[in-house]
1. Alpha carbons only, please: Rg and Dmax for the range 256-312, in angstrom.
2. Could you give the DSSP H helices of the chain that reach 18 angstrom or more along their long axis (alpha carbon positions) and whose average Kyte-Doolittle hydropathy is no lower than 0.0?
3. Exposure proxy check: Val214, Val282, Val17, Val191 ranked by fewest other beta carbons within 10 Å?
4. Using alpha carbons only, how many angstrom separate the centre of the range 184-235 from the centre of the range 95-151?
5. Given the rule -39500 (n - 2.57) for each run of at least 4 DSSP H residues, summed and divided by the residues of the chain, what is its mean residue ellipticity at 222 nm, to the nearest 500 deg cm²/dmol?
6. Say we join alpha carbon atoms closer than 10 Å with springs in a Gaussian network model of the chain; which of Phe368, Phe385, Phe217 then has the biggest fluctuation?
7. Taking Lys202 as the anchor, which aspartates and glutamates have their alpha carbon closer than 13 Å to its alpha carbon, excluding any fewer than eight residues away along the same chain?
8. What's the ranking of 237-246, 327-336 by average number of surrounding C-beta atoms within 10 Å, highest first?
Amino acid sequence: MGKALIIGAGGVAGVVVHKCCQNPDVFEEICIASRTVSKCEALKKKLDGGKTKIQTAQVDANNVSELVTLIERFQPDIVINVALPYQDLTIMDACLATKVDYVDTANYEPEDTAKFEYKWQWAYRDRFKEAGITALLGSGFDPGVTGVFSAYAQKHYFDEIHTIDILDANAGDHGYPFATNFNPEINIREVTAKGSYFENGKFIETDPMSIKKVYDFPQIGPKDIYLLHHEEMESLAINIKGIKKIRFWMTFSQNYLTHLQVLQNVGMTSIEPINYEGHQIVPLQFLKAVLPDPASLGPRTKGKTNIGCIFQGVKNGKPVTYYVYNVCDHQECYREVGSQAISYTTGVPAMIGAAMVLTGKWKRPGVFNIEEFDPDPFMDALNRFGLPWHESFVPELID
Ligand code: NDP
């Protein structure tokens, strides 16, 4: 059916490549392109020889003209951006210049400001529309599947959704005293930022990790959950009819938070460059260099993730509560694709989102968040490609 250019060769990209190869009728040919070409070649070596043809390329995704040259050479039908959020705009610029569809898993943020907002990417709406190409934003798990779950709940179970609680639990244990499950720089920027939730038309800011509850997760058990800001709240607040309140919760162990507190207290999580023996270094980037590479956690991580959404609202004048979630086992993911569940739960939806656009199911000119499309074919694909979901109409609620 088509050709995909995959940019990035980290933990998530590894899963995207595996999943494209499991779907060769849609992904006939892929090119894995990243800054460090040896990582692309290592992925090709693992998967070459199947029905999907694989090429590799070296590219600096901060450089629009390098990207344009690569796109003109490979002629993809879609670009799957699984590099870092800093590269979103340059990759979107290259897609505009070459009129190729675009998918990503995280919203743009400037490297020098830890601020998660869609405004930069939404500013491309008219240009993508005029060029007749589709940009699908946030096709990971959260953002991503959480938006698809919201669209599915709205379509099938509610006239109006009033509250959404997004719950992201990771009960995996990698055996290290401290490591992050995906890119440490992005992860630490996210959890050290102020929290926020949406209520009655506006966002209310909270101090980092200041709101804590305990939730008893299906298949995992009780865990401490903390309120965080998360990017999908911004688009869901606009796209879900009648919404009054949205909160995002993530589990953290006391051990993780104690390490983070110490690193913060000594200045290691700062994104302000400092001068060290004549070199400008960013403490958080140095910390990333000494922490375990998330891609290396796969063989060590045991346990499960559970990510889902609890919706409350009304249907035919009656109150309705609906919980939809996926449970993913770190070791099963590793056996299947050689990665832990965090990369797996992001990479599978990235492939599915790209397949939705490539097959024409979600092809519409403009820039869209995932909940703006028909959720049904995506929900079917989640079941087929390794992220089956479960439903409950009587879940435990968060007060
Ligand atoms: P990694 O750090 O493992 O991989 C990032 C990859 O991008 C690396 O291969 C890196 O190259 C490459 N890269 C970085 N800068 C450039 C550049 N200038 N040009 C070309 N390639 C570049 O990250 P992950 O795989 O864990 O995460 C990938 C994306 O997924 C991130 O944007 C992250 O925010 C997002 N994500 C989304 C989630 C969701 O649920 N929506 C959950 C988890 C992650 P090199 O190897 O040279 O460093």
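1. Every Cα atom of the range 256-312 included, Rg and Dmax give 16.5, 56 Å.
2. 341-358
3. Val214, Val282, Val191, Val17
4. The range 184-235 and the range 95-151 have Cα centres separated by 21 Å.
5. For the chain, the value works out to -10000 deg cm²/dmol.
6. Maximum among the listed residues: Phe385.
7. Those aspartates and glutamates meeting the cut-off are Glu234.
8. 327-336, 237-246
Read-outs throughout are calculated quantities, based only on the coordinates presented, and are distinct from any laboratory measurement. Computed from a prediction, not measured in an experiment: that's the story for all the values here. We place every Cβ from the backbone using ideal geometry, glycine too, and count neighbours over all the protein chains shown.
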